[in-house]
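Contents: one structure, followed by commentary.
The values are calculated or read from the model by the stated rules, or taken from the named source; none is laboratory data. Please read all numbers here as calculations on a predicted model, not as lab measurements. Ideal geometry is used to build each Cβ from the backbone, glycine not excepted, and the neighbour counts take in all protein chains shown.
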Amino acid sequence: MTTEPLGTTRRRFLAGAGTAGALSLWPARAAAAVGRRVAVLGGGVSGLSAAQELAERGYAVTVYEYYDVLGGKARSMDVPGTGTGGRKPLPGEHGFRFFPGFYRNLPDTMRRIPFPGNANGVHDNLRSGTEALFAREAGRPDLHFPLRRLTTPPAPGDITLSWIRDQILSVLDLGTRLPAHEAAYFADRLLVHLTSCDARREDQWEKTSWWEFVRAEEMSEEYRTLLGIGQTRNLVATRAEVASTRTVGRVIIEALLLWGLLGRGMDGDADIDRVLNAPTSEAWIDPWAAHLRSLGVEFVLGTEVREVLYTGGRVTGVRVLDREGGAERTVTADHYVQAMPVEHARRTWGAALRAADPQLARCDALETDWMTGVQFYLRTPTPVVHGHINCLDSPWSVTGIGQAQFWDVRNFSEDYGDGRAHDCVSAIVSEWDKPGILYGRKARECTREEIVEECWAQLKDALNDSGKTTLTDADRLGWFMDPAVTGLGGPDPQNREPLLIHPTGTLYNRPSARTAVRNFFLAGDYIRTDVDLATMEGANESARRAVNALLDADGSGAERCRIWELYRPPELEPLKRVDEVRYRLGLPNTFDLG
Ligand SMILES: Cc1cc2nc3c(=O)[nH]c(=O)nc-3n(C[C@H](O)[C@H](O)[C@H](O)COP(=O)(O)OP(=O)(O)OC[C@H]3O[C@@H](n4cnc5c(N)ncnc54)[C@H](O)[C@@H]3O)c2cc1C
């Protein structure tokens with residue numbers, strides 16, 4: 001084992017930071033951090049976000065990443081051996097990427113990543129999806145839900161509870177078979193959440209499952225599918241029966257849907273649904289890595305973090321393994337930002353480090369689950385809908401998107417594969433523990449090929465009805481499934497990249513970015529952030545919090561990272577204040593009739 005300091009050969013100044021975007025920020029952010037070394041452990045969205053903020057403030061940053069590529073779960077990947085005639089290989093991915101309009105932190109970072117021809121960096125590579133398709137099985141008409149902001153939103157101050165209730169009811173009336181009294185009950189429950197004070201949300205609603213909150217058990221199958229499972233398992237991989245009401249209510253129902261439709265608290269004039277205009281790594285991650293290199297960031301790829309070493313109140317180094325050569329060594333820095341997913345990070349914390357900060361041990365209680373992408377390459381352009389597809393009745397909670405329609409800077413067949421594929425329908429399987437429709441088995445019990453056939457069958461079941469055939473077997477050229485899932489069909493299938501889920505009480509176990517160890521900081525989608533949902537936005541927000549904590553610890557005078565929190569409608573604040581009093585007195589929310 002050898003010990004080496006980080007960044008000894010690194011450029012100390014950012015003379016090469018040759019972009020207008022970076023330079024305009026530089027004077028405000030530069031500080032006396034030049035030469036201070038930071039090891040960022042993990043090269044996903046959180047790690048790269050932290051690296052950018054630190055490098056802009058003059059820190060010498062080295063990122064250690066397990067894989068040979070950057071981007072973590074967000075990266076796209078080549079389908080090996082599929083590119084001919086000068087074309088790139090077919091694009092694969094861990095799962096398709098959705099950048100809701102309510103994200104504010106991540107878009108700010110994206111604006112600061114230069115991209116040729118774009119005034120606002122890679123942010124200009126985002127495109128709006130204008131519809132969501134809630135696809136139904138067995139010939140039921142699908143629900144096309146417009147995802148554009150209201151063209152004439154109510155003026156500030158005009159939003160009343162009865163206006164909100166009417167909007168919810170009119171949406172639920174549209175194309176659903178919900179009994180009127182169930183729709184009314186659901187709308188009233190949303191009013192309860194909307195008017196609940198922060199303390200009630202963090203206590204009562206964080207401990208209550210969404211299933212219980214909306215009384216799904218007592219309602220119709222339609223209610224459970226649409227308003228229970230459709231808003232939880234399909235979107236955030238968490239079962240409705242256990243999902244935290246605070247998380248679902250604040251993020252999915254309020255920030256994403258309600259305030260999204262009203263255009264409140266959005267990233268500029270963003271629509272609710274946005275996607276990139278090319279595979280993620282091409283449109284975002286690769287330009288990001290290039291920009292970070294230009295800021296002096298060093299990347300050490302193919303390197304596994306094994307243990308964070310702790311002695312005498314400080315982290316003294318990190319034991320890493322060179323995955324190719326098999327050699328272990330210890331790397332050192334002044335500060336350490338660990339930006340690895342919780343299931344990997346917690347394995348690297350020894351007893352002494354855990355004892356130094358009890359919130360680390362609480363991370364053992366955080367749960368992850370499987371959410372995995374499958375891409376289907378098709379002979380003909382197959383947009384399906386101008387946005388995302390939610391196969392509401394699919395037992396494996398399949399969602400998807402037709403990608404080529406958004407890749408307006410690419411010609412799919414000319415740019416990828418062997419020229420025969422004209423589109424890619426990218427799907428995600430979010431439920432791995434319910435029997436499928438082809439083999440009657442859970443996804444976890446199937447082989448890779450069986451999972452692909454099931455996913456395809458469930459997509460067809462949802463999309464090939466209402467008098468039209470959207471997907472045909474003859475049109476399907478091939479598929480790709482995330483290689484992070486291994487051992488399928490065997491006794492012990494594994495997934496190296498599961499996703500943090502949000503059962504009740506998760507909030508209490510999420511650690512802060514600032515730890516009790518003065519040179520050790522945490523970033524990642526499991527960190528306690530305002531957005532409170534395992535997303536790229538949460539990963540980015542966590543990195544901002546970690547960097548701010550590091551600047552504090554370092555006594556830095558550099559400008560702190562700005563943090564955007566979820567939108568709070570001013571019209572509802574008085575009602576929340578009333579609820580605060582009621583909550584303190586042990587009374588239920590005014591609208592909570594049980
Ligand atoms: C199928 C799927 C679809 C999703 N879709 C969306 C979406 O549309 N929109 C959205 O906002 N979010 C989405 N998410 C969530 C989002 O991808 C994650 O929340 C986010 O990417 C997490 O970023 P991170 O940096 O915290 O972790 P990661 O992306 O997991 O990055 C962590 C990095 O650490 C590395 N690492 C792990 N262990 C070690 C080790 N021992 N040593 C060194 N390096 C290590 C990993 O290789 C990885 O590169 C999706 C997630 C999944 C699973």
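Observations on the model:
- The residue of the range 512-524 that is farthest from residue 243 (Cα to Cα), among those that are within 14 Å of the ligand (Cβ to nearest atom) and in contact with a strand residue (DSSP E or B) (Cβ under 6 Å, 6 or more places away or on another chain), is 521.
- Residue in the range 513-524 that is within 16 Å of residue 74 (Cβ to Cβ) and modelled with pLDDT of 95 or more present: yes
- Positions within the range 535-594 being small (Gly, Ala, Ser), outside the structural domain of residue 335 (by TED's automatic domain parsing) and crowded, with 20+ Cβ neighbours inside 10 Å, in sequence order: 558
- Lone qualifier among 336, 310 - being under 29 Å from the mean Cα position of the chain (by Cα) and not assigned by TED's automatic domain parsing to the domain that holds residue 426: 336
- In summary, residue 216 fulfils each of the numbered conditions (1) at pLDDT 95 or above; (2) closer than 16 Å to residue 244 by Cα with the single exception of condition (1).
- Number of residues in the range 299-352 that are crowded, with 20+ Cβ neighbours inside 10 Å and either more than 14 Å from the ligand (Cβ to nearest atom) or without any contact (Cβ under 8 Å) to a residue 40 or more places away in the chain (or both) equals 6.
- Selection count where residues are at pLDDT 95 or above and outside any helix (DSSP H, G or I), scope the range 568-577: 0
- Cβ pairs under 8 Å, 6+ apart, first in the range 479-497 and small (Gly, Ala, Ser), second buried (at least 20 other Cβ atoms within 10 Å of the Cβ): 484/94; 484/372; 484/495; 484/497; 489/446
- Strands (runs of 3 or more DSSP E) completely within the range 359-430 that count 1 or more residues being within 20 Å of residue 482 (Cβ to Cβ), more than 16 Å from the ligand (Cβ to nearest atom) and at pLDDT 95 or above: 372-378, 423-429
- When the range 430-455 is filtered for residues that are touching a helix residue (DSSP H, G or I) at 6+ places or on another chain (Cβ under 8 Å) and in contact (Cβ under 8 Å) with a residue 40 or more places away in the chain, the ones remaining, listed by number, are 430, 431, 432, 436, 437, 443, 446, 451, 454.
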